[in-house]
């Protein structure tokens, strides 16, 4: 229904412009592939060879530590676990080092926000997929973005809100916010609104629905997240870059963090600001035309995406089967399989997003991401024709979560090895006759040397960030060298305390996924939740008990071993107070007042974020009607008709159970209050998405009430 609003000059949605987006066959042995320039192989070889060389050197040293006497089975297990963990560290170090020198080489370029360039002629759509989000924050950002594009050539940019909201109250608030937005836009870029009736395949299905129905209308799409921001010059810069590169299918920016208020968010924000530029540059340097997609703040060539990146449904049950959750990595791999370039624009600034405000919110999000990334193991097993670089990106995503249980296994294996050396009676003489006993000892000098070597690789990126910040005139002006040094030290201290908590949470998530439990689909927390101490105690109780047991066991083995394990154990033991303190906005404000964990974006807020905040008040005072008011007010129902997208992606013989149940249940009731109490949220949202059904329900209720009214006595 594309009804044009009486006081506005365009409809809630543009005319249909379908574009076929077929699901790709992972098992296909032949597929359409564009001729594409080959990437420079020596860069990939450099990263791989150096990472392997560092790992082999560490393995040799670790073997020397353990093999003073004959190696036992437990020692071989420790060596194997150490090798896998160290390989992950070595790869991250090598990529970061490549990024560090890449950023150093382009230091002559200003790292302050640039000036806006000329508008581009291709038609570009900015997509805002949302799901039960904070309406005021999302629409304030959309209004700021639309107004920033008002001076561009007419028709060059449009904005599309792709709602997957299932909460009826939030859905009605979105509609009210959209009406207010349309009344205040003026000459800004056009903004359209579509709420999907059936939430198939989550975010990837949301975008797929858009491409299938309106994709042919546009050349490019820039995908946002609900908490992401792009400066005007970044938007136009992305369009110019992809328009000038006809063989490029996707360009991914490296988002920086902004808006953090809690200590936890400010810690992440500082780390991203200090280290994110060269970490992203490193991946871009060795990935070249075989980069990755992180789901948002990227520009995509729509026809390339439609013809080559349609996602199939994975066979089997959740959590490994069904719709692909972490769709972005897979979509990038499919674009590359079809011959399109996928680039990471680490030099393009003005890309922003917000971070989870607390440890608890991060672990809730991580549980969903863990399931999606582990699902990539099935993709790796089934998909043919993927480049080995794309496979590496997928494997990096898997290892981001498997690294935690592997680290924990290494700690436990080391504890068992110490226990064996202290409490189990060694076999001093083996089967062979010998003059000397086989003493179960390790080489402590080599162990210390290996420890220093490992720490050097782990903390090198911190040093890189400090060097680059100190060399940057923009960073020195806005933050200062001394405050940067102190902030890096604070960031390291918080990292040491938080890392074991995240290790425990991610290990639990991996176990949960492998045991077959689905994470579901819940909206991500964007604002500080202010969790009560009791709630944190319930969530972190097992982590605390595990930390206590781990430390006491280490103490029984030996005080030296307990001291070695203390950094990890303390984070686990004090998980509850650490979570409480880091999740506090008051503590975060105190750190900012002290000049710690300050970033250039705080000293000089980015234009896109600042403009969004300026519009926040206009949407926070919305007076959206609730479902109860809608039932009793025909004018309200008619007012929202043009907003409803009554497109039901159902087969001829299919029915939507919540719609049928909600309609029939409501028909049996008389009063709006009774209907509201009886209907579930799924039934309410189904009726909101079906205006004819909602109207018939209301008419029946009105007739029933009229029949119940007493007849006046004459």
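None of the figures in this text is laboratory data; all of them are computed from the coordinates on show. Only a predicted model underlies this, so the values are computations on that prediction, with no experimental measurement involved. For neighbour counting, all protein chains shown are included, and Cβ atoms are generated from backbone atoms with ideal geometry for every residue, glycine included.
Mean residue ellipticity at 222 nm, helices only, the chain: -19000 deg cm²/dmol; runs of at least 4 DSSP H residues each add -39,500 (n - 2.57), and the sum is divided by the number of residues.
The calculated P(r) of the range 153-251, using every Cα pair and 10 Å bins from 0, goes 12, 40, 37, 10, 1 in percent. The distance linking the range 16-54 with the range 184-212 is 28 Å (Cα centroid to Cα centroid, whole angstrom).
Subtracting the Cα-Cα distance of residue 317 and residue 700 from 0.36 nm times their residue separation leaves 133.7 nm of extension gain. Here the simple spin-label model places points 7 Å from the Cα toward Cβ, and for residue 459 and residue 613 these points are separated by 3.4 nm.
Of all DSSP beta bridges confined to the chain, the antiparallel ones make up roughly 30%. Here the gap between residue 400 and residue 84, fully extended at 0.36 nm per residue and compared with their Cα-Cα distance, gives a gain of 112.5 nm. Judged by the ratio a/c of the largest to the smallest principal axis of the C-alpha gyration tensor, the range 625-678 counts as oblate, that ratio being 1.5 or greater while a/b is no larger than b/c.
The calculated pair-distance distribution of the range 570-714 uses every alpha carbon pair, bins of 10 angstrom beginning at 0, and gives 9, 23, 18, 14, 19, 12, 3, 1, 0 percent.
Computed over all pairs of different Cα atoms, the Kirkwood value for the hydrodynamic radius of the range 303-358 is 13.9 Å.
Put the Cα centre of the range 311-339 next to the Cα centre of the range 466-483 and the gap is 41 Å. Counting other Cβ atoms within 10 Å as a rough exposure proxy, the listed residues 317, 684 run 317, 684 from fewest neighbours to most.
In this calculation the C-beta distance from residue 538 to residue 674 is compared with R0 = 60 Å, giving a FRET efficiency of 0.95. In terms of other Cβ atoms within 10 Å, 275, 10 run from fewest to most in the order 10, 275.
Once each part is reduced to its C-alpha centroid, what is the distance from the range 234-294 to the range 567-635 in angstrom? Cα centroid to Cα centroid, the span is 22 Å.
Among 75, 175, 61, sorting on how many other beta-carbon atoms sit within 10 Å of each Cβ, with the fewest leading, yields 61, 75, 175. At the listed q of 0.19, 0.21, 0.23, 0.33 Å⁻¹, the Debye profile of the range 8-50, built from one uniform point per Cα, gives log10 I(q)/I(0) equal to -0.87, -0.91, -0.94, -1.13. Between the Cα long axis of helix 444-471 and the first principal axis of the chain there is an angle of about 40°, rounded to the nearest 10. Here the chain is treated as a sphere whose radius is the Kirkwood value from Cα pairs; by Stokes-Einstein at 20 °C and 1.002 mPa s it diffuses with a coefficient of 76 µm²/s.
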